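Peer 1: A single structure is presented below for examination.
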Amino acid sequence: NPQGLFLDSDGRIQGDLGQLSQEIQNANFLVIPTIRNWSDDGSVRSDLIDNLLIDPEARQQHIEAIVDLVQRNAYHGIDIDYRGINPDLRREYTAFLTQLRQALPDNLQLSVRVELPHQISADTWETGGYDWQAIGRVANVVKVPTSPDPRAYAPGGQMEEMLNWAVGQVNRYKIQLLLPTSSTEQVNGITRNLSYQQALEPIGAASIVGDSNIVTPGQEVDFTLAGAQASTGIQFDTPSGTYWFAYLDDNNVQHTVYLENAASVARKLQLVAQYNLRGIAVQNLLSENNDARIWEVVRKFLDLVIPPVESQYSVVWRVQNEEGGVIAQEIVDLSNPNYKWTAPEAGGAYTVGAAISSGEDSAEKAVPRGEVAVLVATPTPPPTPPGPATASGRRA
């Protein structure tokens, strides 16, 4: 579902999908672009969708624009991701999707993202502007977001309660769980999304112990990860399959970070198998900022295998010479991230870098955590003394 298309006023579509990567062009993918009313920064233009729904003429223009877009580009369908719909326009949104389904050729797919419902009681959920039963009748795929709260994934937790209700609203073979690859941070009751690399930043960056980056041959030099002073270190919550850590910032405010990695994704995939759902849609799966092992877990899921995943967090230390060659490497446990290096006799300029790895098999795809430049200074040899003078005044 390539992104880049947006709802505009009067039912127009703006934006550009850009050039699809060579990897996608050469693969056996069905391209079904997404149209949305929200930006990457999270801002939602609910006014655009609300104005569209109350204007039958604009609604018809939008449907015609979608059908033209799909047929002109030979796409295999359309993915609708409109958020923040006014609950009072619930019937109008259902009517819009029904008309769109009727306008699209039967062999093309309509997928619709709904909002995460709000739990009223154990078996009652409020869905706002999204009529799940009606959407489930007209859409080929219904994308259901997953809860950002890790506690929801414990056995018998809120996600299971929601899915118990959801499969009674929508045919389970149409439901796709929409899995995030972004981690989350909670501060003073506010949750924000972070990339996997951003989430690991408070753990620390490579630094040299001591003040000098100039050392002598044969000298032992200590390095460590310098990060938040008051930190729990990375912990694992077994019921939810979530890795997390907490730390205090410079203002003594607590931050709690929940890592979205292969282990947490594997737990969500267990729900797909448990409820025999259609499958999953993974946000930003091909991003380089994710835990490298997420892609491996998804590959195995395609073969109906959901392996238990354990992350053994470690620090990969590497020393490189001026030509970029690796002359030393050591992997240490993240709980004790220190590294001792003996400066070589040859001298020269070197770079000592650190990266955080989530497992022994992913050291090559570890998350970089900075590097330190070190100069190994060798003494300058004394100048060669002049030779003895000859009678002519010339030196021998």
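Peer 1: Only one of Val142, Val170, Val138 is of a type outside the set (S, T, N, Q), under 22 Å from Ser46 (Cα atoms) and free of Cβ contacts under 8 Å to residues at least 60 places away in the same chain. Can you tell me which? So that I can check it myself, show each step before the final result.
Peer 2: Values: Val170 fails: under 22 Å from Ser46 (Cα atoms); Val138 fails: under 22 Å from Ser46 (Cα atoms).
The unique qualifying residue is Val142.
Peer 1: Follow-up question, since we're still on this one. Does segment 117-128 contain at least one residue that is part of a loop (DSSP other than H, G, I, E, B) and open to solvent by 40 Å² or more (accessible area, probe 1.4 Å)?
Peer 2: Filtering segment 117-128 for residues part of a loop (DSSP other than H, G, I, E, B) gives 117, 122-123, 127-128.
Add one more test, that the residue is open to solvent by 40 Å² or more (accessible area, probe 1.4 Å), and what stays is 122-123.
Yes; the residues of segment 117-128 include at least one that is part of a loop (DSSP other than H, G, I, E, B) and open to solvent by 40 Å² or more (accessible area, probe 1.4 Å).
Peer 1: While we're looking at this one, here's another question. Can you tell me which residue among Ala263, Ala355, Ala328 is touching a residue at least 40 places away in the same chain (Cβ under 8 Å), open to solvent by less than 30 Å² (accessible area, probe 1.4 Å) and within 30 Å of Ser212 (Cβ to Cβ)? Outline the logic, then answer.
Peer 2: On the way: Ala263 fails: within 30 Å of Ser212 (Cβ to Cβ); Ala328 fails: touching a residue at least 40 places away in the same chain (Cβ under 8 Å).
When all the criteria are applied, what remains is Ala355.
Peer 1: Exactly one condition in (1) out of contact with any strand residue (DSSP E or B) (no Cβ under 9 Å at 6 or more places or on another chain); (2) aliphatic (A, V, I, L, M); (3) modelled with pLDDT of 95 or more is not met by Ala122; state its number.
Peer 2: Going through (1) out of contact with any strand residue (DSSP E or B) (no Cβ under 9 Å at 6 or more places or on another chain); (2) aliphatic (A, V, I, L, M); (3) modelled with pLDDT of 95 or more one by one, Ala122 breaks only (3).
Peer 1: What single numbered condition from (1) within 21 Å of Val282 (Cβ to Cβ); (2) open to solvent by 40 Å² or more (accessible area, probe 1.4 Å) fails to hold for Ala152?
Peer 2: (2)
Peer 1: List the helices (runs of 4 or more DSSP H) inside segment 1-115, counting only whole elements, that have at least 3 residues being modelled with pLDDT of 95 or more, surrounded by 13 or more Cβ atoms within 10 Å (Cβ to Cβ) and out of contact with any Asp or Glu (no Cβ under 6 Å at 6 or more places or on another chain).
Peer 2: Details: elements: 22-25, 46-53, 56-72, 90-103.
Per the criteria, 46-53, 56-72, 90-103.
Peer 1: Just to be sure I understand, how many residues within segment 238-260 are among the acidic types (Asp, Glu) and buried (at least 16 other Cβ atoms within 10 Å of the Cβ)?
Peer 2: The first filter runs over segment 238-260 and keeps only residues among the acidic types (Asp, Glu), leaving 249-250, 260.
From what is left, the residues that are buried (at least 16 other Cβ atoms within 10 Å of the Cβ) are 260.
So the count comes out to 1.
Peer 1: Could you grab me the full set of residues in segment 147-160 that are part of a loop (DSSP other than H, G, I, E, B) and touching a strand residue (DSSP E or B) at 6+ places or on another chain (Cβ under 6 Å)?
Peer 2: Initial filter on segment 147-160 (part of a loop (DSSP other than H, G, I, E, B)): 147-149, 154-157.
Selection gives Pro148 alone.
Peer 1: Do you know which of the residues in segment 273-316 that are among the aromatic types (Phe, Trp, Tyr) and open to solvent by less than 70 Å² (accessible area, probe 1.4 Å) is nearest to Val170 (Cα to Cα)?
Peer 2: Of the residues in segment 273-316, the ones among the aromatic types (Phe, Trp, Tyr) are 275, 295, 301, 313.
Those left that are additionally open to solvent by less than 70 Å² (accessible area, probe 1.4 Å): 275, 301, 313.
On the way: Tyr275: 12, Phe301: 23, Tyr313: 40 Å.
So the residue we want is Tyr275.
Peer 1: Can you spot a residue in segment 163-180 that is modelled with pLDDT of 90 or more, in a helix (DSSP H, G or I) and among the aromatic types (Phe, Trp, Tyr)?
Peer 2: Scanning segment 163-180, I find at least one residue that is modelled with pLDDT of 90 or more, in a helix (DSSP H, G or I) and among the aromatic types (Phe, Trp, Tyr), so the answer is yes.
Peer 1: What are the pairs, 6+ residues apart or on separate chains, where a residue within segment 10-38 that is more than 15 Å from Leu286 (Cβ to Cβ) has its Cβ under 8 Å from a residue that is at pLDDT 80 or above and among the basic types (Lys, Arg)?
Peer 2: These pairs meet every condition: Gly11/Arg59; Arg36/Arg83; Asn37/Arg45; Asn37/Arg83; Trp38/Arg45; Trp38/Arg83.
The values are calculated or read from the model by the stated rules, or taken from the named source; none is laboratory data. Remember, it's a predicted structure, so these values are computed and weren't measured experimentally. Counting neighbours? That spans all protein chains shown, and the Cβs are built from the backbone with ideal geometry, glycine included. Note: areas computed on protein heavy atoms with side chains; ligands, DNA, RNA excluded. Shrake-Rupley method; radii C 1.70, N 1.55, O 1.52, S 1.80 Å.
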